[in-house]
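One structure is given below, encoded as structure tokens.
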Amino acid sequence: MAAELLVLFVFPVLLILAAGWDIASFTIPNFLQVALIVSFVAFVAVTGMTPAAIGAHLLAGFAGLAAGFALFALGYIGGGDAKLFACIALWLGFHNLPEYALVASILGGALTLILLGMRRLPLPAALSGQSWILKLHEARGAIPYGVALSAGAFFILPQAEIFRLAAAL
């Protein structure tokens, strides 16, 4: 029951918060990444995950962090996005990381194209009073990739190994 709660409620709520924060402020607070890590530790404790599986998930998280910070160093994503990618990689492990990276990349590309297209259109006056919408509409504004990263995790989660592990308990 506790494993299901972590996978079906805590993990998704933290992803929704990360996406929402990224849309509103183009930041993902560190406390959300810490919460993702702490909730994964709780998941490990309640599932009795083997040391080998724990090691594989940790390695996937570190690989995600390395890839994320390489993209950050190149200026493609923000630091919060890089850390969020690593936290999601930690949860998903290597078993689901390739599919997740592909889906998140496709969603990130779609999000970028949609925002770039919308930024070419005039902003309706009714929306111009919202500072976060103005930031989203800026011609050279950032892209809130945390939205795509979170959405990608939701897309993969029903087929994820952690989902099956939680359901089996």
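Scanning the stretch 79-134 for residues that are surrounded by 20 or more Cβ atoms within 10 Å (Cβ to Cβ) and touching a Pro at 6+ places or on another chain (Cβ under 9 Å) gives G80, D81.
Considering only the stretch 24-43, I want to know if a residue exists there that is under 17 Å from L97 (Cβ atoms), surrounded by fewer than 17 Cβ atoms within 10 Å (Cβ to Cβ) and at pLDDT 95 or above. So far as the stretch 24-43 goes, yes, one or more of its residues are under 17 Å from L97 (Cβ atoms), surrounded by fewer than 17 Cβ atoms within 10 Å (Cβ to Cβ) and at pLDDT 95 or above. Where helices (runs of 4 or more DSSP H) sit wholly within the stretch 84-169, those with at least 1 residues that are without any contact (Cβ under 8 Å) to a residue 60 or more places away in the chain and under 18 Å from A18 (Cα atoms) occupy 131-137, 145-156. Scanning the stretch 60-76 for residues that are surrounded by 15 or more Cβ atoms within 10 Å (Cβ to Cβ) and of a type in the set (A, V, I, L, M, F, W, C) yields A60, A63, L65, A67, F69, L71, F72.
Only one of the numbered conditions (1) touching a Leu at 6+ places or on another chain (Cβ under 6 Å); (2) not in a helix (DSSP H, G or I) is not met by Y76, and that is (1). Applying the condition of being small (G, A, S) and under 11 Å from the mean Cα position of the chain (by Cα) to the stretch 135-158 and asking which residue is surrounded by the fewest Cβ atoms within 10 Å (Cβ to Cβ) yields A151.
Every condition in (1) loosely packed, with under 15 Cβ neighbours inside 10 Å; (2) within 19 Å of G146 (Cα to Cα) is met by G20 except one, and the failing one is (1).
The values are calculated or read from the model by the stated rules, or taken from the named source; none is laboratory data. Just so we're clear, the structure is a prediction, and the values are computed from it rather than from any experiment. Neighbour counts are summed over all protein chains in view; Cβ atoms, including those assigned to glycine, are modelled from backbone coordinates with ideal geometry.
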